[in-house]
Structure formats: structure tokens, C-alpha cells
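Report on one structure; see the data block that follows.
The values are calculated or read from the model by the stated rules, or taken from the named source; none is laboratory data. Just so it is clear, the structure is predicted and the values come from calculations on it, not from any experiment. Positions of Cβ are generated from backbone atoms using ideal geometry, with glycine treated the same way; all protein chains shown enter the neighbour counts.
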Amino acid sequence: MQAQIEQLFASNPPKFQDADFELFARFKQALNEGEIRAAEPAANSPTGWRVNAWVKKGILAGFRMGVIVDWSIDTERQPWFDKSTYPVRQFTGSESVRIVPGGSSIRDGCFIGRGVTCMPPMYVNTGAWVGGGTMIDSHALVGSCAQIGERCHISAGSQIGGVLEPVGALPVIIEDEVLVGGNCGVYEGTIVKRRAVLGTGTILNRSTPVYDLVRGEVYSGSGDAPIVIPEGAVVVAGARAIPHGKGQEWNISLYTPVIVKYRDDKTDSRIQLEDVLR
């Protein structure tokens, strides 16, 4: 399949044939079933992850192939016009995914693991991977190609950026058992290692360094390398004083994420998701 997708993406024919749509249908089904993914663990990578650029190419090819169609159940009351290649994802009760009524949407071409709970309204874009037992809370966004691990909690109002383009760029990675607090934002290929905790309102991106008060280190993106939040880190929204010029004169500080501790039993007891909620 990889070679066929690479060829389809590179050729970009003026008119797509039935064989192209059949290939894309098989590709999208493989995404839905978790057989392929936009990024995957890689023990030999410095970050522990590698991007599968060909999968991203397949997703982009799907947008090229699609035409705008009317998907509306009721055009007057709730119009819905989108690409013909990307309807909503279909589920059955046997998949054990809870989609609570109230305006949530999951686009076709993404993996949703068993026991995932979707609280309304939330949105998962195509190419995403959401591991089993994770909760996606109200008003949360999981962007295209974002990778969410198992038993995570993506709290209300949080945004997990995607990174579909460029095709070689690593998407946002949230590893297993991570708590993303309310109104957080994780963008630009940031990797949050397993069991980390992001406090309410934490923003992570390549432009803002992360200060580790425990280990005395500063984490930042460089070149193609993303910011990596260490395993078990507890990150909160902080501030860093400007030490010169008008910033110092006016006593101005800039936002910066700060690691204040590493996860312990007390942290676990405060953030535990009860199984009854899943």
C-alpha cells in the first residue's frame, strides 16, 4: 500500500480513477483500524517516535480526491458541506467507544481505541490516533495526525494540535497516562512523555522554552527537533522576567511553562480518573 500511496500522491492526476478511490478506501480503513498511523514509536529515534510521511501523503491525497458534497441531515437547520472523501467516522457498539450526545464529531480516517469516552462537544480530525481508555472532554480538539496514548485525559477546552503539513514533520504526541488540564494547548510537534501532567492553561510550542526547576534544565525545540516534556513531569503555566531594556524597566514578564515537580503518589491521587466514568 505504501508504494501505491506514494505514487498516487506524486502523480496527482487531473482526474482520479475508480482504482484510486478503491486504494484510498482501503487506506482509510487501515487508519480506522489502527493498522497504519501518521507517527509511531521508534526505539532508535532520539525522541522515541518517527513520522510516517507516506501516511500523511495518503491523507492529503484524500483531500485532493474529494469534492464538496452536502452531508446535511437537515440543510436548513444544520448545514454540513465537506469533502466527499471525509464523512464522519462510523462506529458500532462492539467497538466500546462512548460518544455522548451533544454535538461531537469524529472525522473518518482516525483510530479510536476501545473504551474511549467522548464528552460533547469535542472533535477528532482525520489521521489522529486515540488510545484505549482515554477520555476526550467537552470542547477539546484532537488535530489531524495527533497521537494520543492510552488512559489519557484530555480535559475540557484543550487543544492538541495536529501537524498534517509538512509531511515530514512529526505531529503532536501525547503518550500513555498523560493528563492534559483544562484549556491547555499543545502544538507544533511537541512530545509529552508518559504520565506527565499539564496544569490548567499550559501552552506548549516550539517558540517557548520549558524551565525544569527540579533538574535545572531548559527544554526547547532546535532545528527539526521538537520540545520533549520528560516522563512524569508536572508542568504549570509560569512567567519569566525580561532582564533588560524596557522589559526590565517596566517590570514585564513573559509566559513560560515550568516543571515544578515530578509525578508522585499525591499527584496520582488528585488526578485519578475513576473507572466508573469510562
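Points worth noting:
- Meets criteria (among the small types (Gly, Ala, Ser), within 29 Å of VAL235 (Cβ to Cβ) and more than 15 Å from the chain's Cα centre (by Cα)) for SER138: yes
- Number of the exception - VAL163 against (1) touching a Phe, Trp or Tyr at 6+ places or on another chain (Cβ under 9 Å); (2) crowded, with 24+ Cβ neighbours inside 10 Å; (3) at pLDDT 95 or above: (3)
- Within region 62-85, if we keep just the residues that are in contact (Cβ under 8 Å) with a residue 40 or more places away in the chain and closer than 19 Å to TRP129 by Cα, the residue that is nearest to the chain's Cα centre (by Cα) turns out to be GLY62.
- Residue within region 195-207 that is among the hydroxyl-bearing types (Ser, Thr, Tyr), more than 21 Å from PRO226 (Cα to Cα) and surrounded by fewer than 20 Cβ atoms within 10 Å (Cβ to Cβ) present: yes
- Enumeration of residues in region 166-176 that are surrounded by fewer than 22 Cβ atoms within 10 Å (Cβ to Cβ) and charged (D, E, K, R): ASP176
- Selection within region 112-133 - surrounded by fewer than 24 Cβ atoms within 10 Å (Cβ to Cβ), closer than 13 Å to GLU95 by Cβ and touching a strand residue (DSSP E or B) at 6+ places or on another chain (Cβ under 7 Å): GLY113, THR117
- Verdict on ILE68 being closer than 28 Å to ASP20 by Cβ and crowded, with 17+ Cβ neighbours inside 10 Å: no
- Any pair with Cβ under 8 angstrom, 6 or more apart, that starts in region 244-258 at a residue that is over 24 Å from LEU198 (Cα atoms) and ends at one that is in a loop (DSSP other than H, G, I, E, B): LYS246/ILE252; GLN248/ILE242; ILE252/ILE242
- Residue within region 41-56 that is among the aliphatic types (A, V, I, L, M), over 23 Å from the mean Cα position of the chain (by Cα) and farther than 15 Å from CYS110 by Cα present: no
- Of the residues contained in region 100-111, one or more are found to be buried (at least 22 other Cβ atoms within 10 Å of the Cβ), without any contact (Cβ under 8 Å) to a residue 60 or more places away in the chain and of a type in the set (Val, Ile, Thr).
- One residue stands out among those in region 71-86 that are surrounded by 10 or more Cβ atoms within 10 Å (Cβ to Cβ) and of a type in the set (D, E, K, R): the one that is nearest to PHE27 (Cα to Cα), which is LYS83.
- When region 213-251 is filtered for residues that are farther than 18 Å from THR47 by Cα and among the acidic types (Asp, Glu), only GLU249 remains.
- Candidates VAL197, VAL210, VAL228, VAL214, filtered to the one that is in contact (Cβ under 8 Å) with a residue 40 or more places away in the chain, more than 21 Å from GLY131 (Cα to Cα) and touching a Lys or Arg at 6+ places or on another chain (Cβ under 9 Å): VAL214
- For region 90-148, the set of residues classified as over 14 Å from GLY34 (Cα atoms) and of a type in the set (Ser, Thr, Tyr) consists of THR92, SER94, SER96, SER104, SER105, THR117, TYR123, THR134, SER138, SER144, listed by residue number.
- Any chance ALA237 is surrounded by fewer than 22 Cβ atoms within 10 Å (Cβ to Cβ), free of Cβ contacts under 8 Å to residues at least 60 places away in the same chain, farther than 18 Å from TRP129 by Cβ and in contact with a Gly (Cβ under 6 Å, 6 or more places away or on another chain): yes
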